[in-house]
Each structure stands twice: as C-alpha cells, then as structure tokens.
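*Asks:* Once you've had a glance at the structure underneath, I'll fire off some questions.
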Amino acid sequence: MRKILIVIFCIFCALSIGAGTRVDTSNMQLMHTTAYYQGHHTANGSKVHIGGCACNPHLGDVAIIYTIDGQYLGMYECNDTGGTQGLQNGTVIDVYRKNLTQCETWMKITGGKVYVLWVKGKG
C-alpha cells in the first residue's frame with residue numbers, strides 16, 4: 001500500500017509541474033549522474049528496467065530528477081546500489097537506460113550533474 005501511495009504522489013508531482021516548467025531546486029540534492037545499460041539484476045535481486053536507478057539506499061525510494069536549470073527528467077525507482085564509491089557515499093546517482101545511445105544522450109542532456117528530490121516510503 002505504501003508503494004502505491006509513493007507512486008501516486010510522484011505522478012501527481014510530475015503532472016503538477018508540467019513539461020517545460022522550471023522548478024525551484026533549492027530543496028533538492030545536487031548530484032553527479034551517470035547512466036548504465038548492462039546487467040540483468042539489481043543489488044536487491046530485481047530485474048533491471050527503465051525507470052530504475054542505482055544510488056545510496058538511505059537517500060530515498062524514488063528519485064525525481066531535474067537538470068541543473070530545473071527541467072524535469074523523470075522519476076526513478078531506487079532499486080540498485082552499485083559498487084562505486086560515489087554511489088555508496090551518496091554523491092552519485094546512476095540511471096538505467098535501454099542502450100549505449102540512450103546513456104550517451106543522458107550524459108549530454110545532464111552534463112553529468114542533476115538535482116534530485118528524494119521521496120522516502122519504506123517504514
């Protein structure tokens with residue numbers, strides 16, 4: 001039930017923001033970002049999928065990601081932890097993409113830095 005409420009909240013936030021609208025990023029965490037497309041399972045054993053990301057699990061359950069200039073990029077389920085120092089210490093978020101081309105596009109759009117609004121939902 002809690003996960004359903006998180007998803008509804010995130011969808012509401014995304015829809016209320018609207019495409020092309022810039023948001024105030026002062027209450028968000030500035031992070032380095034990377035993208036990956038290889039692998040079959042996450043650290044928690046679930047299958048990798050579009051809409052998933054790797055991050056420090058203590059940051060939140062859902063990451064709502066924006067560009068540096070406040071453009072909405074999407075919501076990502078935090079279901080992987082990754083093995084790099086940046087992922088483990090909470091300074092990097094690694095977003096799963098379908099293929100190498102999409103990873104390259106992500107890096108071009110973000111410039112390697114994003115703002116993240118964390119949503120926590122586990123009790």
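The values are calculated or read from the model by the stated rules, or taken from the named source; none is laboratory data. Not measured: the values here are computed from a predicted model. Cβ atoms come from the backbone with ideal geometry, glycine included; neighbour counts cover every protein chain shown. Only protein heavy atoms, including side chains, enter the accessible area calculation; ligands, DNA and RNA are left aside. Shrake-Rupley method; radii C 1.70, N 1.55, O 1.52, S 1.80 Å.
*Asks:* Scan region 84-119 for residues that are under 13 Å from residue 55 (Cα atoms), open to solvent by 70 Å² or more (accessible area, probe 1.4 Å) and either outside any helix (DSSP H, G or I) or hydroxyl-bearing (Ser, Thr, Tyr) (or both) and jot them down.
*Replies:* Listed by number, the list holds a single entry, 84.
*Asks:* Related question: What is the number of the single condition among (1) among the charged types (D, E, K, R); (2) at pLDDT below 95; (3) not in a loop (DSSP other than H, G, I, E, B) that residue 122 does not meet?
*Replies:* Failing condition for residue 122: (3).
*Asks:* Oh, and also: Within the group 100, 87, 73, 59, which residue is of a type in the set (A, V, I, L, M) and more than 13 Å from the chain's Cα centre (by Cα)? Working first, answer last.
*Replies:* On the way: 87 fails: more than 13 Å from the chain's Cα centre (by Cα); 73 fails: more than 13 Å from the chain's Cα centre (by Cα); 59 fails: more than 13 Å from the chain's Cα centre (by Cα).
When all the criteria are applied, what remains is 100.
*Asks:* Please go through (1) open to solvent by 20 Å² or more (accessible area, probe 1.4 Å); (2) out of contact with any Phe, Trp or Tyr (no Cβ under 6 Å at 6 or more places or on another chain); (3) part of a strand (DSSP E or B) for residue 57 and return the number of the only condition it doesn't satisfy.
*Replies:* (3)
*Asks:* Another question about this same structure. Please verify whether residue 14 is part of a helix (DSSP H, G or I), of a type in the set (Gly, Ala, Ser) and either under 15 Å from the mean Cα position of the chain (by Cα) or modelled with pLDDT of 80 or more (or both), treating the condition exactly as stated.
*Replies:* Working: part of a helix (DSSP H, G or I): yes; of a type in the set (Gly, Ala, Ser): yes; either under 15 Å from the mean Cα position of the chain (by Cα) or modelled with pLDDT of 80 or more (or both): yes.
Against the criterion (part of a helix (DSSP H, G or I), of a type in the set (Gly, Ala, Ser) and either under 15 Å from the mean Cα position of the chain (by Cα) or modelled with pLDDT of 80 or more (or both)), residue 14 qualifies.
*Asks:* Let me ask you something else. Take the residues in region 22-53 that are assigned to a loop (DSSP other than H, G, I, E, B), open to solvent by 60 Å² or more (accessible area, probe 1.4 Å) and closer than 17 Å to residue 109 by Cβ, then tell me which one is modelled with the lowest pLDDT. Give the steps one after another, and end with the answer.
*Replies:* Initially, region 22-53 is screened for residues assigned to a loop (DSSP other than H, G, I, E, B), giving 22-28, 37-40, 42-46, 48-51.
With open to solvent by 60 Å² or more (accessible area, probe 1.4 Å) added as a condition, the list becomes 22, 24, 26-27, 37-38, 40, 43-44, 49-50.
Now drop any that are not closer than 17 Å to residue 109 by Cβ, which leaves 22, 37, 50.
Details: 22: 70, 37: 91, 50: 92.
The qualifying residue modelled with the lowest pLDDT is 22.
*Asks:* Still on this structure: For residues that are within 22 Å of residue 89 (Cα to Cα) and among the polar types (S, T, N, Q), tally how many sit in region 47-75.
*Replies:* The qualifying residues number 2.
*Asks:* Across region 107-122, what is the total count of residues that are more than 23 Å from residue 58 (Cα to Cα), in contact (Cβ under 8 Å) with a residue 40 or more places away in the chain and out of contact with any Ser or Thr (no Cβ under 6 Å at 6 or more places or on another chain)?
*Replies:* Of region 107-122, the ones more than 23 Å from residue 58 (Cα to Cα) are 107-111.
Filter once more, keeping what is in contact (Cβ under 8 Å) with a residue 40 or more places away in the chain: 107, 109-111.
If we keep only those that are out of contact with any Ser or Thr (no Cβ under 6 Å at 6 or more places or on another chain) too, we end up with 107, 109, 111.
Going through region 107-122 one residue at a time, the tally reaches 3.
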